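The values are calculated or read from the model by the stated rules, or taken from the named source; none is laboratory data. Quick caveat, the model's predicted, so the values are computed rather than measured. A quick note on method: Cβ atoms are made from the backbone with ideal geometry, for glycine too, and the neighbour counts reach across all protein chains shown. Side chains are part of the model used for accessible areas, which takes the heavy atoms of the whole protein and leaves out ligands, DNA and RNA. Shrake-Rupley method; radii C 1.70, N 1.55, O 1.52, S 1.80 Å.
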Amino acid sequence: MKPDIKICGLKTEEAVDRAVTRGATHIGFIFFPKSPRNIAPEIAGELADRVRGRAKIVAVTVDADDEELDDIVSLLRPDMLQLHGHESPERILHVKALYGLPVMKAFSVKSADDLAGVDAYIGVADRFLFDAKAPAGSDLPGGNGVSFDWKAMASLDQSVDYMLSGGLNKDNVATALSSTRASGIDVSSGVESAPGAKDLGMIDAFFDAADAATKR
């Protein structure tokens, strides 16, 4: 079965169009001022309207409060919220009740020990995303272009539905898919020529590699 593919941190019409044309099942817009991929909700909404109904629209936030989420949800009209901060299970339940949207909870991983907290979110989050733990000194919880030891995923409860993220690119996506049971993959910096600048050729190369991997 082909995995879901999410292209995250989109900021231009060209990148949105190419991602969805090539088969992205999800496109992510990042609302985090420290990120080079940060985007205003109204601009993200205009970009999302180009492909609405063809791919799931995901709003990515980091410990956002209700006021911030209100703006994002009203202007973007996302299909899913991705919470990439330190949100508790109680916070996720509140957000789901408030907006009636599914939530994907992100976890930062370096080793299997970092998966210990996942159990508290099973049955609360609708999906999980496992990203590499940020390097020392980084202000970004994701999009750092680093990966983690995917063998850690073997310790995860088999019931957990997850996307894999962190340092994915055309050269390692096949290994990521073959060495884990991820039902989806998420790429951002791996299809960029510079931080925040999506490269159409790199998007094509990533999809070519992912397609080849799933045909083996």
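Worth pointing out:
- Estimated distance in nm for a label pair at Ser74 and Lys151, the labels positioned 7 Å out from Cα along Cα-to-Cβ: 5.1
- Shape category assigned to the range 38-87 from the gyration tensor of Cα positions, a/c cut at 1.5: prolate
- Förster radius 22 Å - calculated FRET efficiency between Ala40 and Leu200, Cβ distance, rounded to 0.05: 0.45
- Here the Karplus relation 6.51 cos²θ - 1.76 cosθ + 1.60, evaluated at θ = phi - 60°, turns the backbone of the range 15-24 into coupling constants of 5, 4, 4, 5, 4, 6, 4, 7, x, 4 Hz, with x for every Gly and Pro.
- When the range 58-216 is described by a simple charge dipole with +1 on each Lys and Arg Cβ and -1 on each Asp and Glu Cβ, the residue from Val173, Leu115, Val73 located farthest towards its positive end is Val173.
- A 1.4 Å probe run over the chain, with the rest of the protein chains in place, finds 45 Å² accessible per residue.
- Computed from phi, the 3J(HN,Hα) profile of the range 201-207 under the Karplus parametrisation 6.51, -1.76, 1.60 (θ = phi - 60°) reads x, 6, 4, 4, 5, 5, 5 Hz, with x in place of Gly and Pro.
- Links that overshoot a 22 Å alpha carbon limit, given the list Lys105/Lys170; Lys6/Lys133; Lys170/Lys215: Lys105/Lys170
- For the listed peptides 116-122, 4-10, a ranking on the average number of other beta carbons within 10 Å per residue, highest first, reads 4-10, 116-122.
- Spread of Cα-to-Cα distances over 10 Å intervals beginning at zero, given as percent, for the chain: 8, 37, 40, 15, 0
- Taking a ≥ b ≥ c as the square roots of the eigenvalues of the alpha-carbon gyration tensor, the range 163-216 is classed oblate because a/c is 1.5 or more while a/b is no larger than b/c.
- Over the range 1-73, the hull volume per residue, using the convex hull of the C-alpha atoms, is 96 Å³.
- Helical runs assigned H by DSSP (4 residues or longer) give the chain a calculated mean residue ellipticity at 222 nm of -8500 deg cm²/dmol, each run adding -39500 (n - 2.57) before division by the residue total.
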